[in-house]
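Beneath this line is the structure, given in structure tokens, with notes to follow.
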Amino acid sequence: MSKFNNNFTPPHFYTIDLQYVINNRVQIAKQRFFSKKDKIRQNITTLLVFLHYFSIEQRIEHTIMRNLIRFLLFSSLFFVSCNKQENEVLLKQLDDIKAMGDTLPQVAMQRLDSIKPLFDNETEYMQNKLALLEIRLRDKAYITHSSDCTIKKVCSYFEKNGTETEKQEVHYYMGSVYRDLNDYPNAVIYFLKSAEIAEKALEVDITLLRKAYSQLSNLYKKQFDYSEALNVILKSLFVSLKNGIIDFREHANAASCFFITNDTINTIKHYNIILESLNNTTINKSNSDIIAAAMGDYTLLGYKNEATTCYNSLINLRDEELPFNYLVNLAIYYEHIVSVDSAAAIMQKHYYTSCQIESKYDAARWLTRYYVQKGDYEKAADYAIKFINANEAVIDKINLEHTTNAKNFFQYRRDKEEEAKVMQKAAKVRYNSMLVISVSIILLLSVVLFHFWRKKQLLDVILSKEENIKQVKALAAEKDIELAKEKRGIEQKDKELEVLNATNSKLAKQLQGAEEDFKLLVAQNRELTKLMLMNDIAKNAGDIIEKVKKTSKGKYHLNDDEWKELLGAIDRLYPEFTYEVQAKFKKISEPMLRVCYLMKIGLSGPQIANLTDYPRQTVWVRIKKIEQIMNMNEMQAQQRQEE
């Protein structure tokens, strides 16, 4: 039986206002740009709709028209089916290359280049998938990105049409591109967006989320914002533990942040987790740098047993397995636990074996101080010269980086200008294409309108559809009212937010005032304590000085408490002396200040040497310097006259 007959009444779908159909098609033509295959499918669909409409309204019963419609339907379904199968094959290839890129990025890039020609006539989605995978492989291969043109287009597409996982991935690699361009603010923004999408979505890439947190931590560390770096590392640890993942580097990063923020308990907690986990794991080149860092931090925090455990774990490694930070942390371990001389030997080895100028800089600085304290001024001078040379090399390297960054920024700006030109050209082409399509559609519809105008068979349908249009308008008005209500709700929320912000600001000011009052009370307590101590010393100031003079005849060294009593007694007897010393010495060390005070009470050089245990030559040099600056001879003469 035929599908269409003479008594057929068009259903609601087809009894539509012709002017509404025309306007709708024009709007679609203006808003969308299809790829080559999308255009073919759209043209077929449009032709089917109008042929079907035309056949219904004219009660087409001819066999030729029915066969034509069937043929077009069959062709369209066949085309879509073939295209879907082809897309599935290409997507499978992209997934295989993506998996290969995690371990062999260079090989994966070569394989991706070999299948690029297959995507020339593919849909916009497939081409953007290809571009995103290429950016991912470049990042995996540590190839620095030099422009953000491609990733911006890919990001713009997937923000509108991608799944949550695709949005997470494209925002992550958007951040990676800006990181390579040294645009750290934008890099932080897009890494945060990637993490935010992953936190809210049901299905996410856990590995990519942890990498986003790691990148954010590194960027915050470069900006010396260790509190934010610690926050994202803790988030990464939470995600890892939730998914049963133990990542030593995450714990090491958390421990290093806690160490910098002086949180000893949490530093030791995370390092202990690493040590406990590594008891059943072979220590090799991939994780030895974590153990070396733990050894140094354990040593500085005074945990000798744990530091020794790390030391024993590392000494069995071959030279090629030792990490880059081994010698520095070994020197710290030797300095605090074994001996300073052993640490110096390690630092010398580090200086002569390291290829990094920053390492030479640190080693030369440490060795200069070591030989100065040891009294070997010849070697100290030698390493001081090396330190200066290393410092100049570091400065040159920084200048070179600044120059390179400036060059990259110039290239970045130039790419921006090129992108603007391309966008302008694309906009012009898009405008011309839309104009051609619009004219074509208008011409086609004009023919149809002319035909129906001549037949005057759609007049009743148009009149009957006016009521439907009114209903649509009423529905649109209801939607507008709902939108207005939502807008008012948003405005109310904004007002509430402003009130909360004002309250927070007021509380912050009150907290600041309380902190200032607390600091004032602490300062007053310190002054009162100092006055009480001075009153206790003032009662027997002369006895204390006489006692010290007698003691200076023998080789007795004053302890810290006796020094405090003596300095307090001198300050009591000569209250103006401290201000005079501060006025003439812009900066004075504690040993120099002690010699100055002992000279004030009339002690000779040998007596001062007995009390301070300083070498006589050192005491003599300091006395001469003080006499030059303070005119101490006149002061001592006045003192003898007063006595």
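Computed with a 1.4 Å probe over protein heavy atoms only, the accessible surface of the range 125-189 comes to 39 Å² per residue.
Each residue of the range 139-155 was assigned a 3J(HN,Hα) from its phi angle through the Karplus expression (A = 6.51, B = -1.76, C = 1.60, θ = phi - 60°), giving 5, 5, 8, 6, 8, 5, 6, 10, 7, 10, 4, 5, 5, 5, 5, 5, 5 Hz with x at Gly and Pro.
Summarised in one figure, the compactness ratio Rg/Rh of the range 86-135, Cα atoms and Kirkwood Rh, is 0.94. Sorting ARG111, ARG369 on solvent-accessible area from highest to lowest, probe radius 1.4 Å, gives ARG369, ARG111.
The aspartates and glutamates within cross-link reach of LYS473, meaning a Cα-to-Cα straight distance under 18 Å and a gap of 8 or more places when in the same chain, are ASP17, GLU482.
Packing, as the average of other Cβ atoms within 10 Å across residues, places the peptides 155-164, 381-390 in the order 381-390, 155-164, highest first.
Accessible surface for the range 324-390, divided over its residues, is 56 Å² per residue with a 1.4 Å probe. Backbone phi angles across the range 236-245, fed through the Karplus curve with coefficients 6.51, -1.76 and 1.60 (θ = phi - 60°), yield HN-Hα couplings of 4, 5, 4, 4, 5, 5, 4, 9, x, 10 Hz in residue order; Gly and Pro are listed as x.
Would you work out what percent of the accessible area of the range 576-625, with all protein chains in place, is carbon or sulfur (probe 1.4 Å)? The C+S portion of the solvent-accessible surface of the range 576-625 is 54 percent.
Expressed as a whole percent, the accessible area of the range 79-208 that falls on carbon and sulfur atoms is 52 (1.4 Å probe). Taken one residue at a time, the phi angles of the range 584-599 give Karplus couplings (6.51, -1.76, 1.60, θ = phi - 60°) of 8, 9, 5, 8, 10, 7, 5, x, 5, 5, 5, 4, 4, 5, 5, 5 Hz. Gly and Pro are set to x. Residues in the range 247-321 average 49 Å² of solvent-accessible surface per residue, probe 1.4 Å, ligands and nucleic acids excluded.
For the range 229-270, carbon and sulfur atoms together expose 60% of the accessible surface, with a 1.4 angstrom probe and every protein chain in place.
Sparse packing (at most 16 other Cβ atoms within 10 Å of the Cβ) combined with a DSSP loop state is found for the following chymotrypsin sites (Phe, Trp or Tyr not before Pro) in the range 304-338: PHE324. The smallest convex shape that holds all Cα atoms of the range 74-220, its convex hull, gives 119 Å³ per residue.
At full extension, THR165 and SER114 could sit 15.7 nm farther apart than now, given 0.36 nm per residue minus the alpha carbon distance. Here the range 237-284 is treated as a sphere whose radius is the Kirkwood value from Cα pairs; by Stokes-Einstein at 37 °C and 0.692 mPa s it diffuses with a coefficient of 294 µm²/s. Pairs from the list LYS564/LYS586; LYS221/LYS269; LYS349/LYS374; LYS116/LYS153; LYS140/LYS269 with a Cα-Cα gap above 27 Å: LYS140/LYS269. Size of the range 426-491 from its Cα atoms: along the principal axes, largest to smallest, the extents are 52, 44, 6 Å. Every Cα-Cα pair of the range 249-343 was included, and the share exceeding 21 Å stands at 25 percent.
The values are calculated or read from the model by the stated rules, or taken from the named source; none is laboratory data. Remember, predicted model here, so these are calculated numbers, not experimental data. Here the Cβ is made from the backbone with ideal geometry for all residues, glycine too, and neighbour counts use every protein chain on show. The area values use the complete protein model at the heavy-atom level, side chains included, leaving out ligands, DNA and RNA. Shrake-Rupley method; radii C 1.70, N 1.55, O 1.52, S 1.80 Å.
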